Each structure stands twice: as C-alpha cells, then as structure tokens.
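The values are calculated or read from the model by the stated rules, or taken from the named source; none is laboratory data. Since this is a predicted model, take the numbers as computed values, not measurements. Here the Cβ positions follow ideal geometry from the backbone for every residue, glycine too, while neighbour counts run over all protein chains shown. To get the accessible areas, we keep the full protein, side chains included, count just its heavy atoms, and leave off ligands, DNA and RNA. Shrake-Rupley method; radii C 1.70, N 1.55, O 1.52, S 1.80 Å.
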Amino acid sequence: MIAVDGRETGLNIQDFENLEQILVKVMEDKQYEGRIVTDVLVNSEPFSEIYPHQAEDVEASDIESVELITVATTEMAVNITRELYKVITLMDHGARRVADLFRKADDGEALEVYQDLMDVTRDFLGMVGVLRDEFSLKRSRQFNEAADDLSGLFSEMLEVIESEDWILLADLLEYEFTPAVERWKKIVAQLREDIKDVARAA
C-alpha cells in the first residue's frame with residue numbers, strides 16, 4: 001500500500017525498485033503541488049528512525065507499506081511565522097543577557113552568547129526574507145526600514161567589538177538592538193496574515 005495523508009494512491013509497491021522511486025513518483029502527482037512532506041512512514045514506522053541511510057538503499061521487496069504525511073505550503077508557512085515570533089522573544093532575552101554579562105565583566109561568556117545571538121538573528125532575517133519573497137511584503141516600507149535598522153546595528157556593533165568597548169556594546173544591545181527586534185513582531189504578524197490571504201485566495 002502506498003498512501004498520502006491517509007488516502008491510497010493506487011500505485012503498487014512492486015512496480016518500483018526502491019523507496020526513492022516511490023517517493024519521486026508520488027510527488028510527481030499534480031494534486032500534491034503546493035504541499036510539503038513532513039513525515040514518511042515505512043512499514044508504519046518513521047523512515048528517518050528505522051532507515052538512517054538513503055531512500056534508494058531501501059529495496060521495494062522490504063516494503064509492505066509507505067505513507068506520506070503532507071501539509072499545505074501556506075499552512076507550513078503560517079506555522080513558521082509562529083515559531084519566528086518565539087525567536088523574536090529569544091533574541092530580546094539573549095541581547096539583555098549579553099548586556100548583563102558585559103556589565104559584570106564576564107566578557108568571555110558574553111562574547112560566546114553574543115555570537116550565538118548574531119547567528120540566530122541572521123537566520124531569522126533569512127527566513128523572514130524567504131517568506132516575504134514567497135508570499136508578501138515585497139514592497140513593505142516597514143520591513144525595509146526594520147531590516148536597514150538591524151543591518152546598521154550589525155555594522156556599528158562590529159566596530160565596537162573591534163575596539164573592545166564592551167560597555168558601549170552592552171548599551172547598544174539593550175537600548176537599540178532590543179527595540180529594533182521588538183518592531184519585528186508587527187512585521188511577522190502582518191506576514192502571517194498575508195500568507196493566510198494567499199491560502200484563502202488559492
């Protein structure tokens with residue numbers, strides 16, 4: 001049996017050589033366009049847990065059933081915006097923690113946490129950018145201004161790090177970075193609504 005979201009596809013496992021061929025064939029079906037595979041069950045068990053190797057190495061003769069669980073791209077995107085909202089809170093807390101560590105002269109740990117904070121912030125901006133390009137906000141003045149603010153802060157903080165003025169960096173994080181991050185809550189909320197509009201229009 002080969003099924004997607006609980007519905008049998010009509011395909012026969014014995015017509016394929018391995019799991020990879022099955023997955024490719026199923027996702028060629030146009031009815032699954034605009035959907036993302038979140039889980040693959042092979043013989044009723046999660047594929048990633050029972051077969052850590054490649055799908056092409058799982059021979060069809062060893063397969064009794066394959067089930068794919070999918071979600072709409074827009075639904076996944078809305079879920080991502082909810083996670084991004086949580087990331088904003090983590091960025092705020094992280095910045096305050098780094099500032100506190102610098103003021104306590106715990107520079108080593110502060111710099112480690114600061115680097116983690118910058119990595120998270122870059123990943124956050126990258127993901128928001130992907131969603132913006134895919135769904136909305138392409139001409140959003142609010143988005144562009146918020147992105148420019150963070151970009152300018154990155155440059156300013158880099159200069160401060162080079163001069164090793166940790167108290168000034170603490171001030172930048174607490175009094176400029178955290179307000180700049182807070183503004184992204186409205187942007188992410190608007191992005192979520194735009195994605196929902198795309199889903200309703202589909």
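Pull out the extension gain between residue 90 and residue 55, defined as 0.36 nm times the separation in residues minus the alpha carbon to alpha carbon distance; nm, one decimal.
Answer, rounded to one decimal: 9.0 nm.
When the dipole is taken about the Cα centre of region 1-114, and only Lys, Arg (+1) and Asp, Glu (-1) are charged at their Cβ, what size is it in debye, to the nearest 20?
920
When ligands, DNA and RNA are left out and all protein chains stay put, how many square angstrom of accessible area per residue does region 26-95 have with a 1.4 Å probe?
Per residue, region 26-95 has an accessible area of 58 Å².
How would you classify region 63-128 from its alpha-carbon gyration tensor, with a ≥ b ≥ c the square roots of the eigenvalues: rounded for a/c under 1.5, else prolate if a/b is greater than b/c, otherwise oblate?
prolate
Taking a cut-off of 25 Å between Cα atoms, list the lysines near residue 186, but don't count ones fewer than 8 places away on the same chain.
Here the lysines satisfying the reach criterion relative to residue 186 are 86, 138, 196.
Using only Cα atoms, figure out Rg for region 1-150 and give it as a multiple of 2.2 N^0.38 Å. List each step's numbers first, then the result.
Working: Rg = 22.0 Å, N = 150, 2.2 N^0.38 = 14.8 Å.
Output field value: 1.49.
Can you give the Kirkwood hydrodynamic radius of region 101-202 from its Cα pairs, in Å with one decimal?
One decimal place: 15.1 Å for the Kirkwood radius.
Which percent of the accessible area of region 1-123 is formed by carbon and sulfur heavy atoms (probe 1.4 angstrom)?
Carbon-and-sulfur percentage of accessible area, whole number: 46.
Taking trypsin sites (Lys or Arg not before Pro) as candidate sites, keep only those in a DSSP loop with at most 16 other Cβ atoms within 10 Å, then name the longest stretch of the chain containing none of them.
No qualifying site falls inside 1-103, the longest such stretch.
Once region 1-81 is represented by equal point scatterers at the alpha-carbon sites, with solvent omitted, what log10 I(q)/I(0) does the Debye formula produce at q = 0.10, 0.14, 0.17 Å⁻¹?
The Debye formula, applied to the Cα set alone, gives -0.24, -0.46, -0.66.
Using Cα-Cα distances under 8 Å and only pairs 6 or more residues apart, what relative contact order does the chain have, in percent? Display every interim value, and only then the final one.
Working: 212 pairs, mean separation 45.9, N = 202.
Normalised by residue count, the contact order of the chain is 23 percent.
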